[in-house]
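For reference, the structure is listed below as structure tokens.
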Amino acid sequence: MGWRRGRKGKSRQGGYRAAIPPAAYIELRSHLAQIDDLGRARAVLSWDERTMMPPGGAPGRAEQLATLSGLLHERLVSDDLARLLDQLRPYEETLPYDSDEASMIRITRREHQRAQRVPSELKVEMARAGSIAEHAWKEARKQSDFEVLLPHLGKIVELKRRYVECFDDAGHPYEPLLDDFEPGMTLVETERLIGALKTSIVPLATAIAERADTVDDSCLHGRFPAATQRSLAISMLCDLPIEADFFRLDESAHPFATSFSNTDVRIATRYSEDYLAGSLFSTLHEFGHALYDSGVSAALERSALGRPASLGVHESQSRIWENFIGRSLPFWQHFYPRVQDTFPDHFGGVDLEHFHRAVNKVQRSLIRTEADEFTYNLHVILRYELEREILEGSLTLVDLPEAWKARVKSYLDLDVPSDSQGVLQDVHWAEGAFGYFPTYSFGNIIAGQIWEVLRRSLVDLDDQIARGDFSQLREWLREHVHRHGRKFTSAEMIQRLVGGPIDVDPYIRYLRAKAEELYGLS
């Protein structure tokens, strides 16, 4: 069956009305639904592996994940999919660029062409090795011994180099890995953005360090039982703008969020019984991811577009909730009484202003996930530089712990006392997620741009937040970011929102305003 032009045009409401989809498009949606189902099933197994699975299940789980990864890849590179994409090219050319149909075909073609370069056997091997290495990382972190992880990490890097070789036209071995997480992002653009961050943040963090003692965060340290922290976290989540029956909260060695559909999102946090802020803000961070996942249009479910645009855009949403909203005074005007009720002996004598300043304290620290807004990007930058050097071959894995310590000393002026507080604190490299770390800084930058537009649109946002009314905020984010799924790259989305490219300046303006408020720096 062919395609018909006759029904394309304007609807009575003035919006775009697609042509009647050809049979090939309907078949494409069916094919993509199967691919998405395989990916979601793999995500269920990964979630269970990190939250529920007994340690003895690791070998079997590695094989299960490898099998699903192979099946998914085979469906993505299949001749049937290639045939459908060829048949749909004329139809695609009749459609507006940002229509669901044209975007579905365009994004699928891009994924299909990238996947065709990679042998299925390699994808299977990468999935298996990543699962095995993640469990080795847990043991290495527990023992604070990098040597436990080293052989597994060596295997991961070997496989990543084989993967990079599949993209022999790439300008740098890092670019294919970066593109997996941030489609369309180049190394030149990454260097521009990271360099601009580094130039602005290093002197700002140094100036604040000289006044660090003017903010007291001792109230956040003490004895906070994990079970009580969990109760507080659930209470806060139930008051945030996500349906209670759409999510669940669990505990993991490394906080994360994942989704199995837009009505089934999983949040995993981590509790430190001697420091309350860690779980508060990791939970808010992962909530931001979960809200994005649940806000993707239901019309895009089980398709190539049914997931967020990129890791950078995804991270922008978690950073907005963790920092721009979660560290604001209006947010705690609403939620701080709940903290006081949960830990009355600890916070009964701590007023709101003191608590607000405490959760915004800037201080150099060893752990990325507990870092303040100002020094956080330095943690990201050092990881980005190290993984680039590993891929380039200028840094060997044997030397990685010492290189880590040297970079932390250079950027944060701290001594790393152990591997668990240094090179083993993040799971990403064990998982095989090389190219992932820059997206954390992309997220901060994009969040700054989105926040400026959002504040101009919702002029009474502070009052809404102080009342615990997040409905307009959620709907604005859903309309301008969430609902589009993967229709646009991060650069395209920002262009649509602000009329320009991804730009560091709004984020730096936000940080400087906070430095002036907290530390009197102008």
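Points to keep in mind about this one:
- Counted as qualifying within the stretch 317-416 are the helices (runs of 4 or more DSSP H) with 3 or more residues that are without any contact (Cβ under 8 Å) to a residue 24 or more places away in the chain and of a type in the set (D, E, K, R), namely 400-412.
- Against the test of being closer than 27 Å to Pro308 by Cβ, touching a His at 6+ places or on another chain (Cβ under 6 Å) and buried (at least 21 other Cβ atoms within 10 Å of the Cβ), the options Ala127, Ala133 yield a single qualifying residue, Ala133.
- The set of residues in the stretch 234-245 being surrounded by fewer than 19 Cβ atoms within 10 Å (Cβ to Cβ) and either β-branched (Val, Ile, Thr) or at pLDDT below 95 (or both) consists of Ile234, Glu243, Ala244, Asp245.
- Single match in Ala304, Ala299 (criterion: assigned to a loop (DSSP other than H, G, I, E, B), among the hydrophobic types (A, V, I, L, M, F, W, C) and at pLDDT 95 or above): Ala304
- Matching residues in the stretch 37-46 - criterion: being closer than 22 Å to Leu305 by Cβ and of a type outside the set (D, E, K, R): Leu38, Gly39, Ala41, Ala43, Val44, Ser46
- Within the stretch 139-171, the set of residues being among the small types (Gly, Ala, Ser) and not in a loop (DSSP other than H, G, I, E, B) comprises Ala140, Gly154.
- The single condition among (1) out of contact with any helix residue (DSSP H, G or I) (no Cβ under 8 Å at 6 or more places or on another chain); (2) more than 26 Å from Ser316 (Cβ to Cβ); (3) not hydrophobic (A, V, I, L, M, F, W, C) that Arg192 does not meet is (2).
So that you can scan it fast, the table gives a plain yes or no per residue for (1) more than 15 Å from the chain's Cα centre (by Cα); (2) crowded, with 18+ Cβ neighbours inside 10 Å; (3) over 27 Å from Ala207 (Cβ atoms):
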{"position": "Leu414", "(1), (2), (3)": "yes, no, no"}
{"position": "Gln425", "(1), (2), (3)": "yes, yes, no"}
{"position": "Phe437", "(1), (2), (3)": "no, yes, no"}
{"position": "Asn444", "(1), (2), (3)": "no, yes, no"}
{"position": "Asp460", "(1), (2), (3)": "yes, no, yes"}
{"position": "Gln464", "(1), (2), (3)": "yes, no, yes"}
{"position": "Arg467", "(1), (2), (3)": "yes, no, yes"}
{"position": "Gln472", "(1), (2), (3)": "yes, no, yes"}
{"position": "Glu475", "(1), (2), (3)": "yes, no, yes"}
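- The condition of being within 22 Å of the chain's Cα centre (by Cα) and at pLDDT 95 or above does not hold for Ser120.
- Residue satisfying all of: in the stretch 214-233; surrounded by fewer than 13 Cβ atoms within 10 Å (Cβ to Cβ) and among the charged types (D, E, K, R); farthest from Ala253 (Cα to Cα) among these: Asp216
The values are calculated or read from the model by the stated rules, or taken from the named source; none is laboratory data. Keep in mind it's a predicted model, so treat the numbers as computed, not measured. Quick reminder, even Gly has a Cβ in these numbers, built from the backbone with ideal geometry, and neighbours come from all protein chains shown.
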